[in-house]
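The values are calculated or read from the model by the stated rules, or taken from the named source; none is laboratory data. Bear in mind that the values here come from a model prediction, so they are computed numbers and not experimental data. Cβ placement follows ideal geometry from the backbone for every residue including glycine, while neighbour counts extend to all protein chains displayed. Each accessible area value is taken on the protein alone, full model and side chains, heavy atoms only, with ligands, DNA and RNA left out. Shrake-Rupley method; radii C 1.70, N 1.55, O 1.52, S 1.80 Å.
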Amino acid sequence: MLIGAGNFRGDTAAGAIAGGHADAIAFGRLFISNPDLPQRLRCGAALTPYDRATFYGGGAQGYVDYPAMAATFS
């Protein structure tokens, strides 16, 4: 099994799998800013951009304060 990772979006991930370039795609940074990433990818919703400056240390900002899609559109 080959798992691809790095700079994938929903369409490019699906293309890599469909083209036989990977068996699965891993998401990291986009999961931080989109806690509901699988749901967003399934329905084609917009993705919240991440703030790389908040990734390492300094508190919870940037890890647990990104809103889920339902909260964004309600």
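Looking only at segment 9-41, count every residue that is under 24 Å from Asp65 (Cβ atoms) and not polar (S, T, N, Q) and tell me the total.
Looking only at that region, the number is 15.
Could you go through segment 46-62 and let me know if any residue there is surrounded by 11 or more Cβ atoms within 10 Å (Cβ to Cβ) and at positive phi.
Yes: one or more hits.
Taking the residues in segment 18-34 that are open to solvent by 70 Å² or more (accessible area, probe 1.4 Å) and of a type outside the set (D, E, K, R) as candidates, determine which candidate is farthest from Ile3 (Cα to Cα).
So, considering only residues that are open to solvent by 70 Å² or more (accessible area, probe 1.4 Å) and of a type outside the set (D, E, K, R), the one farthest from Ile3 (Cα to Cα) is Phe31.
Under 9 Å between Cβ atoms, which residue pairs at least 6 apart in sequence (or on different chains) link something in segment 12-33 that is free of Cβ contacts under 8 Å to residues at least 12 places away in the same chain and farther than 28 Å from Ala53 by Cα with a partner that is assigned to a helix (DSSP H, G or I) and open to solvent by 50 Å² or more (accessible area, probe 1.4 Å)?
Every condition considered, the pairs that remain are Ala14/Leu41.
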